[in-house]
Amino acid sequence: MASLQASNFLASSSSPSKQIHAAISVPKLPSIRFSVPKAPTKSLPVELNTRDGFINTTPFQKNVIGSETRPVQESLSASMATVQLYAILESVIDRVEMHNNVGQQRENWNTLLLNSINMITLTAATMAGVTATGGAGVSVLGLKLASTLLFSAATGMLVMMNKIQPSQLVEEQRNATRLFKQLQGQIETLLAIGSPSKEEVKDAMEKVLALDKAYPLPLLGVMLEKFPESLEPAVWWPKTQSQKTNKKKHSHGKVESNGWTEELELEMRQVVEVIKRKDSEDYERLGNKALKMNKVLAASGPLLTGIAALGSAFMGPSNGPWAAIIAAVAGALASAVNTFEHGGQVGMVFEMYRNNAGFFKLVQESIEWTLSESDLEKRENGELFEMKVALQLGRSLSQLRDLAKKPSYSCIEGSPIDEFASKLF
């Protein structure tokens with residue numbers, strides 16, 4: 001048995017045709033195809049423009065063929081208007097800061113120049129007074145030269161100060177800061193409401209340029225005239241509004257649409273009549289008085305310091321004490337006049353009247369422009385407009401309606417209107 005197994009083992013090992021094969025089978029993985037998505041046809045790339053230190057986002061979208069073309073264009077227009085309003089808002093905020101800084105600087109000018117000129121004038125007047133009390137043998141050459149130079153310097157500084165009127169410049173910058181902040185609030189309101197239009201962007205741009213023209217920052221070349229012939233109300237709104245007023249016709253008959261009624265239109269016209277006959281007329285009268293006073297004071301200060309400089313130049317034993325007395329008295333009067341003009345800020349008072357007259361002119365033109373629109377649907381809502389006018393004049397709605405009755409009563413009774421439209425100032 002053992003020999004049989006051995007012979008079988010030898011026979012199987014010696015056979016070259018029989019081989020042992022070992023194989024490992026691996027299951028096949030399912031084939032997965034990755035598809036790259038196509039670029040959408042409605043692309044909205046954003047271009048960044050870093051020129052002039054600003055980063056501006058300019059959305060752009062290709063035209064889409066089909067029924068969606070109009071909504072896409074409207075969405076693109078709204079997004080572009082929003083971006084433009086943000087750009088205008090940045091400029092407005094920057095102008096608020098600029099006018100505020102310049103106003104503080106020019107207020108410092110007014111204080112420093114006033115104190116410096118008064119100190120120089122009083123020092124020179126004291127020197128002239130000391131010379132007048134001296135005996136015949138006292139040497140006055142040093143006092144004479146010093147007082148003459150000081151009076152001459154004060155004259156030159158007064159001429160420059162009266163020319164630019166620092167207190168009036170400060171008031172200009174205060175008003176510019178307030179109006180730019182008001183415009184900033186209007187733009188922020190438009191952005192908060194959403195979907196601004198191109199017309200609103202154009203209107204905001206025109207308002208910025210009108211304010212730049214009404215309240216310029218530079219002194220040379222574009223500075224506002226400080227001594228005009230008469231008071232002209234300040235105009236800080238675009239001229240296009242007043243030009244459009246003459247092109248449209250007034251509506252007639254009974255109207256009841258978009259919050260407007262015939263009674264409301266009559267009420268607004270009566271309010272305009274009160275503003276014309278009382279507020280505008282009164283502020284222009286007071287402004288012209290302030291202008292005349294400022295002209296007299298601006299001419300008197302340098303004239304008195306010039307007289308004092310001539311008097312101090314002729315001081316000496318040969319001319320007696322009268323030259324010194326004239327120099328001392330003229331110097332003291334010049335200091336008083338300068339303090340009253342610039343310490344009392346007469347130029348600021350004139351600028352305040354000028355801006356108040358401009359405010360009433362703006363209210364008057366806005367009412368007339370609104371009423372001149374014949375299409376009531378294109379007007380601002382009547383109830384909202386009435387509330388805005390009442391707030392601008394510092395009145396409640398009932399007080400505004402009572403005010404509108406004043407011109408009718410005055411025409412019947414033949415008495416003048418005894419009440420101002422504004423209760424704010």
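The values are calculated or read from the model by the stated rules, or taken from the named source; none is laboratory data. Because the structure is a prediction, the values reported are computed rather than measured. Every residue, glycine as well, gets a Cβ built from its backbone with ideal geometry; the counts of neighbours run over all protein chains shown. Only protein heavy atoms, including side chains, enter the accessible area calculation; ligands, DNA and RNA are left aside. Shrake-Rupley method; radii C 1.70, N 1.55, O 1.52, S 1.80 Å.
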Any chance Gly344 is without any contact (Cβ under 8 Å) to a residue 60 or more places away in the chain and either of a type in the set (Gly, Ala, Ser) or over 27 Å from Asn175 (Cβ atoms) (or both):
yes
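What number of residues in the stretch 340-385 are of a type in the set (D, E, K, R) and open to solvent by less than 10 Å² (accessible area, probe 1.4 Å)? Steps first, please.
Initial filter on the stretch 340-385 (of a type in the set (D, E, K, R)): 341, 351, 354, 361, 365, 368, 373, 375, 377-380, 383.
With open to solvent by less than 10 Å² (accessible area, probe 1.4 Å) added as a condition, the list becomes 341, 351.
So the answer is 2.
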Tell me, yes or no, whether the stretch 202-224 has at least one residue that is open to solvent by 50 Å² or more (accessible area, probe 1.4 Å) and aromatic (Phe, Trp, Tyr).
no
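Just one of Leu190, Leu158 is under 25 Å from the mean Cα position of the chain (by Cα) and aliphatic (A, V, I, L, M); which is it?
Of the residues listed, the single one that is under 25 Å from the mean Cα position of the chain (by Cα) and aliphatic (A, V, I, L, M) is Leu190.
Residue-by-condition table, conditions (1) at pLDDT below 85; (2) outside any helix (DSSP H, G or I); (3) not hydrophobic (A, V, I, L, M, F, W, C):
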position	(1), (2), (3)
Asp203	no, no, yes
Leu211	no, no, no
Met223	no, yes, no
Leu231	no, yes, no
Gln243	yes, no, yes
Lys248	yes, yes, yes
Met268	no, no, no
Unmet requirement for Ala390, which otherwise passes all of (1) open to solvent by less than 40 Å² (accessible area, probe 1.4 Å); (2) free of Cβ contacts under 8 Å to residues at least 24 places away in the same chain; (3) within 30 Å of Ala146 (Cα to Cα)
(3)
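Among the helices (runs of 4 or more DSSP H) confined wholly to the stretch 305-423, which include 1 or more residues that are among the hydroxyl-bearing types (Ser, Thr, Tyr)? Before the answer, list the steps.
Working: elements: 322-338, 346-371, 382-392, 397-404, 406-413.
Fully inside the stretch 305-423 and qualifying: 322-338, 346-371, 397-404, 406-413.
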Say we look at the stretch 128-141 and pick out the residues that are open to solvent by 50 Å² or more (accessible area, probe 1.4 Å) and assigned to a helix (DSSP H, G or I); which of these is modelled with the lowest pLDDT?
Thr133
Of all residues in the stretch 185-198, which are in a loop (DSSP other than H, G, I, E, B) and surrounded by fewer than 17 Cβ atoms within 10 Å (Cβ to Cβ)?
Gly194, Ser195, Ser197
Conditions (1) more than 12 Å from the chain's Cα centre (by Cα); (2) open to solvent by 60 Å² or more (accessible area, probe 1.4 Å); number of the one not met by Gln182
(1)
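Name every residue in the stretch 146-179 that is open to solvent by 20 Å² or more (accessible area, probe 1.4 Å) and charged (D, E, K, R), in order of residue number. Quick ask: steps written out before the conclusion?
First pass over the stretch 146-179, keeping only residues open to solvent by 20 Å² or more (accessible area, probe 1.4 Å): 146, 148-150, 152-153, 155-157, 159-160, 163-164, 171, 174, 178.
Once the filter is applied, which keeps residues that are open to solvent by 20 Å² or more (accessible area, probe 1.4 Å) and charged (D, E, K, R), the stretch 146-179 yields Lys163, Glu171, Arg174, Arg178.
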Residues Ala332, Ala313, Ala328, Ala324: which one is touching a residue at least 60 places away in the same chain (Cβ under 8 Å) and open to solvent by less than 10 Å² (accessible area, probe 1.4 Å)?
Ala324
Hey, among the residues in the stretch 275-288 that are in contact with a helix residue (DSSP H, G or I) (Cβ under 6 Å, 6 or more places away or on another chain) and closer than 23 Å to Ser372 by Cα, which one's most open to solvent (accessible area, probe 1.4 Å)?
Ser280
